[in-house]
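Single-structure report; data block below.
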Amino acid sequence: MKQKILYSYILLLSFATFFTACSKDEQQGETPIGKDLTVLFAWESGFSGAGYDDAILKSVSESQAAHPEMTVHLIRPKSQAEALALVNDFTAKNGNAEKALILCGPQYESLAQRIQPGAGRILLVDSEKEMSGGLSTLQLKRYGGAWLAGALSKGLKLHIIKAFDGDRMMDTVADGIEDGYRDAGGQESFRIVLSDSYRGTNMPDELFNLLYMNPTAYFDVDGVCLVPVCGASRMGAYSFSNNYFVLSLGIGEDCSVFSDILPYSLIYDMGEIIKTYINQWIAGQSWPTHKDFGLSTGHVRIQYNDRFFTLGSKRGFLKDDEAFLTKDEYKALEAQYLETAKEKEVTHAY
């Protein structure tokens, strides 16, 4: 919990630093020196301490700290109409290499298709489409890595916890894990859906209570493994995992700081991708028209939790479970299924 509070504080401090700097420029009429970056987050998503936007925010914060001459404007429009107005304002005023715009999310795809050539350096995140007019797109392909994470879990009783249905990112990750688990082990996973809206990404207490109130499914049951594809709600699963010695998996980033009873995390390193693009822009390098990232580029990967495999009493508690694997056994499974996972990554659009 302390790590979560500290992380949230860092995010808020980053916002305060950036927006204070932007306000000062506007009040004093100063002209920013060096590069000027505008980042538009999607109007219908949110910061949860666990998700996609958080990774981008963190990478932009780190880039700005490394390049203090760069001015950064972080904006979350209140609506699609406001987003359109902001993009139109950028394209009308900015047409030089010193200014760049990052559109965070596929929600901006239809809007980006209407941008006229020569509007400046613009990057659309998470789109498989190539676009004209000098606009660059990138996509972090999630299905292949999710399929691999599911395949490594064969033999366990997998419980996939989704925040809600209908979000392309969470749907892809949950489906990939479920398919990999079924393909490798011939079993069907269990599914829990927390909500019918984005509220499902921020319901940790409700998730903990749901698990706690179902003792026949989650207490003293060999091989249960929780897979939280649910934003900040995952903290409920990891709290339950620690308290009741139930296996869990990390999704999106290294989650070993949240739970000891976690053999590996599925990493989606969007932050490193964004930092690479920012560094290329600062160095005066061009951006590709489109590029895919995933298992083959190392931006999607399995990261093992060494602490889990060396824990004394907690590991002993799980040792009698036939589904428990050593780190070497997990690595052997990863080697067995990696090429298939890469093939899945190529054949799936997202």
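No value in this document is a laboratory result; all are computed from the given coordinates. What you see is a predicted model, and the numbers here were worked out from it, not measured in a lab. Every residue, glycine as well, gets a Cβ built from its backbone with ideal geometry; the counts of neighbours run over all protein chains shown.
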### Message
I'd like to know how segment 133-176 sits against the 2.2 N^0.38 Å rule of thumb: what's its Cα Rg over that expected value?
### Response
1.50
### Query
Sequence-distant or interchain residues sharing an amide H contact under 5 Å with Ile122, placed H: which?
Leu101, Ser136
### Message
Restricting to Cα pairs below 8 Å that are 6+ residues apart, what does the relative contact order work out to for segment 95-166? Please round to a whole percent.
### Response
23
### Message
Output wanted: per-residue J couplings in Hz (rounded whole) for segment 272-284, from phi through Karplus 6.51 cos²θ - 1.76 cosθ + 1.60, θ = phi - 60°, x for Gly and Pro.
### Response
5, 4, 5, 4, 4, 5, 5, 5, 5, 5, 4, 7, x
### Summary
Taking only the alpha carbons of segment 172-320, the radius of gyration and the largest Cα-Cα distance, Dmax, both in angstrom, are 17.9, 59
### Query
Over the Cα atoms of segment 225-299, what is the Rg over Rh ratio if Rh follows Kirkwood?
1.16
### Message
Can you tell me the length gained on complete extension of the stretch Glu329 to Ile75, counting 0.36 nm per residue apart and subtracting the Cα distance?
### Response
86.9 nm
## Note on the structure
Largest-first semi-axes in Å of the equivalent ellipsoid built from the Cα gyration tensor of segment 108-154 are 33, 8, 7
### Message
For the ranges 155-165, 326-336, 179-189, what's the packing order if you count other beta-carbon atoms within 10 Å of each residue, average per peptide, and put the highest first?
### Response
155-165, 179-189, 326-336
### Message
Which order do the peptides 56-67, 296-307 come out in when sorted by mean C-beta neighbours inside 10 angstrom, highest first?
### Response
56-67, 296-307
